[in-house]
1. Name the residues in the range 23-49 that are assigned to a loop (DSSP other than H, G, I, E, B) and under 25 Å from the mean Cα position of the chain (by Cα), would you?
2. Given the structure, is I92 in contact (Cβ under 8 Å) with a residue 24 or more places away in the chain, closer than 22 Å to G15 by Cβ and not assigned by TED's automatic domain parsing to the domain that holds L181?
3. For residues that are among the charged types (D, E, K, R), assigned to a strand (DSSP E or B) and over 17 Å from S316 (Cβ atoms), tally how many sit in the range 339-381.
4. Looking at the range 206-219 only, could you name the residues that are modelled with pLDDT under 95 and closer than 26 Å to D51 by Cα?
5. So for the range 137-145 (the condition being buried (at least 18 other Cβ atoms within 10 Å of the Cβ), part of a loop (DSSP other than H, G, I, E, B), at pLDDT 95 or above and touching a Cys at 6+ places or on another chain (Cβ under 8 Å)), does at least one residue qualify?
6. Taking into account only those residues within the range 167-204 that are over 12 Å from Q138 (Cα atoms) and in contact (Cβ under 8 Å) with a residue 60 or more places away in the chain, which is surrounded by the fewest Cβ atoms within 10 Å (Cβ to Cβ)?
7. Test E237 against the criterion of being out of contact with any Pro (no Cβ under 6 Å at 6 or more places or on another chain), among the acidic types (D, E) and without any contact (Cβ under 8 Å) to a residue 24 or more places away in the chain, and give yes or no.
8. For the range 237-264, give me each residue that is hydrophobic (A, V, I, L, M, F, W, C) and out of contact with any Cys (no Cβ under 7 Å at 6 or more places or on another chain).
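The values are calculated or read from the model by the stated rules, or taken from the named source; none is laboratory data. Not measured: the values here are computed from a predicted model. Reconstructed Cβ throughout: ideal geometry from the backbone, glycine too, with neighbour counts over all protein chains shown.
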Amino acid sequence: MAQVKPCPLAKKCGGCQLQNMDYPRQLKFKQAKIEKLLGRYGRIGKIVGMDNPYHYRCKVQAAFGTTRGGKIISGVYQSSSHRIVNVDSCMIEDEKADEIIVTIRNLLPKFKLRPYNEDTGSGFLRHVLIRKGYNSGQILVVLVTASSVFPSKNNFVGALLKAHPEITTVVQNINSKHTNLVLGDINKVVFGNGYIEDSLCGCTFRISPQSFYQVNPAQTERLYSLAVEYADLTGKERVIDAYCGTGTIGIIASKAAGEVIGAELNAAAVCDAKANAMLNNAKNIRFICADAGQFMRDMAAEGEKADVVFMDPPRSGSDKRFLSSVVTLSPEKIVYISCNPETLERDLRYLTNNGYEVKKIRPVDMFPFTLHTECIVKLIKKEQ
């Protein structure tokens, strides 16, 4: 197991809260935290760690700005501030992505382009977002600009591609709003086809600038494989993929299920999910643009049944209205994928008080060197 390497930016950045621990100790710390929080529901399986906990982030974004002296910098916002910490290389980010960002930073003055200044509203480049396919190696570069006007666009992108011919596609994203959101609504493809593809658990997924895709694909394969294993699919089940996003879990599960229905409120994500299903020739899955909770309540009202519900909610967890809809639909199994153990504990309390029992709990370390821990839980309906 890899030992910790000291990061020179640790104190300035604040993003990696467990920098003072070597990796085996981090895993013990996270295991103990989950056992303390969720141990009342049953034995906690051994945390799934990484063989190499470095440079795992295949999605890297950098903010651009200038120092008081006018020097262009790029990197991450210091924890709990809007101050940019200049980053040349980060121990948890993809190395090639970091190299490309440094190249873009160095190209800006050569083309008389300046970072955007939020206070004055002047300048051009706000952020750079890079996504790299873990298995495919394809690279998407998104230049987030304050204006649609891109001076010397072809020459700038040509210089970038000359320095990094491995780049697959370049997109200009326009964000002219005064907002903390990185991406705007408008994308202009500058080079390539505007998206990349990557494989996960034997399925292929298209990744565009706004697509949701896990930032640590190596651990995501382990996480989703466990989720499908916990569902005990035999090829006959009807499966609901709640909070389905771009359809990753549902499409992977569709290979072992009878029918999969994905429900998602974000219309753009549903479009991506449908495209991904076609990409994988998954004919036994369909996607509904709807609130997942309301969809399940409507199913129950119409006498429809489901055998398994996959739920992968945001950090805030699920609200009681959603959880009550799961209980109303009354599937035989629930597979809960959680990115927040605190809200998971709250939701398990509700589900175990309303007809379900926990059979398995397994933590997965998706974000080494940070405090975050994912958990996967299998629940089954209690015998009446």
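1. The answer is G45, K46, I47, G49.
2. Here the answer is no, as I92 does not meet what is asked.
3. 6
4. Within the range 206-219, I207, F212, Y213, Q214, V215, P217, A218 meet the criteria.
5. Within the range 137-145, not a single residue is buried (at least 18 other Cβ atoms within 10 Å of the Cβ), part of a loop (DSSP other than H, G, I, E, B), at pLDDT 95 or above and touching a Cys at 6+ places or on another chain (Cβ under 8 Å).
6. Selected residue: H178.
7. So E237 fails the test.
8. Hits for the range 237-264 are V239, I240, A242, C244, I249, A253, A256, A257, V260, I261.
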